[in-house]
Amino acid sequence: MARYIEANCKLCRREEQKLFLKGTKCYSNKCPVEKRGYPPGQHGRSRRFKKSEYGIQLREKQKARRIYGILEKQFNNYFTRAEREKGITGENLLKLMERRLDNVVYRMGFASSRKTARQLVKHRHFLVNGQLVDVPSFLVRAGDVIKVRDNSRKQEVIHSAMRRIKEGKQYSWLNLDKANMTGTFMQIPNREEIPVEVNEQLIVELYSK
């Protein structure tokens with residue numbers, strides 16, 4: 001399966017903002033965006049032109065795609081599904097991506113980044129409603145229970161991420177039981193509850209061309 005293998009920090013610099021792709025590094029003074037807040041490449045600092053309407057829309061789409069770690073074809077499929085569902089297409093799109101198992105694992109605090117969460121899911125460390133699921137794109141439904149497998153409870157990468165969770169800082173649509181390493185996806189979040197700095201309407205306008 002195709003995947004992005006280049007430096008994740010280049011993606012943040014290309015969008016000229018933090019996309020929080022590297023876990024704790026994004027919150028430290030080692031973050032490249034803090035040091036070099038301009039696009040990567042030999043001419044990144046000098047070639048900064050005024051963006052066209054299409055360019056602005058494209059960058060917004062690329063930003064959303066990179067935040068959730070989704071490839072182009074898969075993102076297109078999510079948009080097609082969002083169009084078919086009732087409600088506002090842009091909001092439907094973000095809700096679908098928030099329901100991805102790798103994203104839910106990340107939001108619950110079992111991983112420090114979505115990339116790490118995706119790897120943990122692929123390595124079969126999680127159960128959904130008691131069943132092993134190793135597909136990062138699996139869409140979680142309201143009421144689903146995500147649990148760390150018994151054989152995976154000693155994974156340091158999981159414990160390291162969970163130690164950073166602050167009481168009362170969890171998302172309203174999630175319920176986490178840290179002691180039992182279990183979380184419940186209570187409901188699909190509303191747009192105002194999703195902490196992603198993306199203008200989804202620009203993405204809709206891009207696909208409407």
Taking segment 59-73, which residues are surrounded by fewer than 19 Cβ atoms within 10 Å (Cβ to Cβ) and out of contact with any Lys or Arg (no Cβ under 9 Å at 6 or more places or on another chain)? Lys73
Outside the structural domain of Met108 (by TED's automatic domain parsing) and among the acidic types (Asp, Glu), is that true of Glu156? no
Is it the case that some residue within segment 150-166 is modelled with pLDDT of 95 or more, basic (Lys, Arg) and under 22 Å from Pro195 (Cβ atoms)? no
In this structure, does Asn92 turn out to be surrounded by fewer than 18 Cβ atoms within 10 Å (Cβ to Cβ) and out of contact with any Pro (no Cβ under 8 Å at 6 or more places or on another chain)? no
Meets criteria (at pLDDT 95 or above, of a type outside the set (Asp, Glu) and in a helix (DSSP H, G or I)) for Thr80: yes
Could you pull out every one of the strands (runs of 3 or more DSSP E) wholly within segment 110-209 that has 3 or more residues that are buried (at least 16 other Cβ atoms within 10 Å of the Cβ) and either touching a strand residue (DSSP E or B) at 6+ places or on another chain (Cβ under 7 Å) or without any contact (Cβ under 8 Å) to a residue 40 or more places away in the chain (or both)? 126-128, 145-148, 182-185
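I'd like the residue in segment 83-105 that is of a type in the set (Val, Ile, Thr) and not in a loop (DSSP other than H, G, I, E, B) and, out of all such residues, is farthest from the chain's Cα centre (by Cα). Before you say what the answer is, go through the steps one by one.
Taking segment 83-105 first, the residues of a type in the set (Val, Ile, Thr) are 88-89, 104-105.
Pick out the ones that are also not in a loop (DSSP other than H, G, I, E, B) and you get 89, 104-105.
Working: Thr89: 19, Val104: 9, Val105: 10 Å.
Within segment 83-105, the match that is farthest from the chain's Cα centre (by Cα) is Thr89.
The values are calculated or read from the model by the stated rules, or taken from the named source; none is laboratory data. Predicted model, so just to flag it, every value in this text is computed and none were measured. Virtual Cβ from ideal backbone geometry, glycine too; neighbours counted across all protein chains shown.
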